[in-house]
Amino acid sequence: MYTQALDSPAPEARPGSSGGQAALERRFEERIERDEKIEPKDWMPDAYRQTLIRQISQHAHSEIVGMLPEGNWITRAPSLRRKAVLIAKVQDEGGHGMYLYSAAETLGIARAELLEQLLDGRAKYSSIFNYPTLTWADVGAIGWLVDGAAIMNQIPICRCSYGPYARAMVRICKEESFHQRQGFEIMLALARGTGEQRAMAQDALNRWWWPSIMMFGPSDATSTHTAQSMRWRIKRFTNDELRQKFIDVTVPQAEFLGLKIPDPALRRDEISQHYLTGPIDWSEFKAVLQGNGPCNHERLQARRTAHEAGRWVREAAAAYAAKHGGRGAQPRSAAHIASPRAEAPCHE
Amino acid sequence: MSSPSAEARFRYILRLADTSLILGQRLGEWVGHAPALEEDLGLANIALDLIGQARLLLAYAGEIEGRGRDEDALAFLRDAPEFRNVSLAEQPNCDFGQTIVRQALLDAWQLGLYEALVGSADARLGEIAAKAVKETRYHLRFSAGWLVRLGDGTAESHARVAQGLEALWRFTDELLAPDALDEEMAAAGIAPSPDALRLRWEERIGAVLEEAKLERPAASPYPWHGKRGVHTEHLGHMLGEMQHLPRTFPDAAW
């Protein structure tokens, strides 16, 4: 998934160039210019570090909060195959959150602190997850549109100047493209299904279209931070360029599905060969961003409730580890059963 | 060796299939809400394995039945009395402690079962068990590891899992006490001997409880019969949620 704030550096973190830092900064800029990867132990300007922490952690938070709207349908998926695919998908998102938190930690901030910023409302996550999943078709629409938009945004980040972020994105993008295909396949089954299923698919497209194209963030004309992020090669394309690419890919897909994009002004421009949309209602985007979307309250509350309800569990794990020789302490009951898996997703 | 009827084999395989399905469905409720990200992934992983086992077993059960019911017809279009899962699987998640207690009790049972079923006279069941046994070994590693941490963690965590154990222990008798169908399948070499199954379970759970510093609750006399289709009140609610789409749109394919 994706955060719309790719182009908003920390307000306190503007690039400075005073004193002895100038030479270091110049060398850093030259490395960026040569497309070298910046690694955790390399010198970097504080503004670059802060921008990345903010961007990567918002991205991680988006993955974690993004588990909620789709998780909402795990218990109600309409077939066992769909249920299994959905669980695997939501699990992948949690995994993306883990890689991204790890990438952010390489910049010198702990996951616990990032989580605190999410829970107390200081940190943002992608506004798209503040929309509700009201029918099964919404699970398809999220995969098709939201993951589709995320891929457009994320593929360029695989070439981002910060090494750990770029590498995390390579793995994430591979999985996201599966998710996008799975979402489209859900929509296809609905579009080829009964009249009720087609209506469900159209209703989902009606509700998710505009929020999806707003995921790319404000238009270039009003986005003040794009230039710096592009110069640092954290960002490679502008919001409007990516949005246009997404629209151009998605409109024919909707036609293939026999669904109608909810935009009476949508037309294909023969000269530019692009699909042009009607005006985007940025007041809605701002309202959701400011916390007034349909599910902002529910999403954050769900995260807070899980965190609070899990406190005693985390305390118990810490107490057990303290009694039995540190963080790596492993109960015998867990240890004597050989794990056939390379990666055990538990605290061990 | 006597040869059980198709109807008996169908009913027996449903016990295995439905226990995995219902337990997987319960764990699915946790996704996005677990105490930490690692546990979210761990519980989702187990849910995914269980749903996978249920699919293989239900598909096989449907073939044995021979009435054209596939995995989805069996999962979504049967009512509670036709479900054959053990009653423990359908018990609500409550807190993470009770979820872990339920999971460890059932993982230890499923592990013994699948280990034995690998050598079943029913070769297809043996193949399914060979896959499931690897998964279940990991499930027990996760749940037993957590039961020990919680039992031997803080005073609060100990009290919570002790309470969970107390609440769920009464359902364990159903896992271990064979009925006529279990006996028939064991006699045919399809299912394990109930005595051996009980012994393995007692050994495993005994060791975990000891390490977790938890006392084994007293045996409770009420015989629960989920595996014969007599369930607790919880199952109907679960199925209402799980089955609502296929039942609302009976002509739809998804």
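Worth a mention:
- Equivalent ellipsoid semi-axes, chain B, via Cα gyration tensor eigenvalues times 5, rooted, Å: 28, 22, 16
- Sequence-distant residues sharing a close amide H with A:His274 (under 5 Å, placed H): A:Asp269
- Virtual spin-label span in nm between B:Glu7 and A:Ala112, 7 Å along Cα→Cβ: 6.2
- Viscosity 1.567 mPa s, 4 °C: Kirkwood-radius Stokes-Einstein D of segment A:133-201 over Cα pairs, µm²/s: 101
- Over chain A: helical MRE at 222 nm, DSSP H runs n ≥ 4 each giving -39500 (n - 2.57), nearest 500: -18500 deg cm²/dmol
- Span-like helix criteria (full DSSP H runs; alpha carbon extent of at least 30 Å along the helix axis; mean Kyte-Doolittle hydropathy of at least -1.0) are satisfied in chain A by A:46-71, A:80-105, A:163-191.
- Subset of A:Lys83/A:Lys124; A:Lys83/B:Lys131; A:Lys89/A:Lys174; A:Lys260/A:Lys286 violating a 23 Å alpha-carbon distance limit: A:Lys83/A:Lys124; A:Lys260/A:Lys286
- The three principal axes of the Cα atoms in the protein assembly as shown give end-to-end lengths of 83, 61, 38 Å, sorted in falling order.
- Seen against the Cα atoms of chain B and their longest principal axis, helix B:6-28 is set at about 40 degrees.
- With a cut-off of 17 Å on the backbone N, the residues of segment A:104-133 near the modelled label site 7 Å out from A:Arg304 along Cα-Cβ are A:115-125, A:130.
- Here, P(r) means the percent of Cα pairs in each 5 Å bin from 0 to the largest distance; for segment A:20-77 it is 4, 14, 17, 17, 11, 8, 8, 7, 6, 5, 2, 1, 0.
- Close amide H contacts of A:Tyr162 (hydrogens built in the peptide plane, cut-off under 5 Å, sequence separation of 5 or more or a different chain): A:Ile38.
- P(r) tail, chain A: Cα-Cα pairs separated by more than 25 Å, 57% of all pairs.
- Straight Cα distances below 21 angstrom link B:Lys213 to the lysines A:Lys323, with same-chain residues fewer than 8 positions distant left out.
- C-alpha long axis of helix B:37-65 to longest principal axis of chain B, angle in °: 20
The numbers here are math on the coordinates, done by the rules we state, and not lab data. Note that the structure is predicted; figures quoted are calculated from it, not measured. Cβ coordinates were reconstructed from backbone atoms using ideal geometry, including for glycine residues, and neighbour counts include every protein chain displayed.
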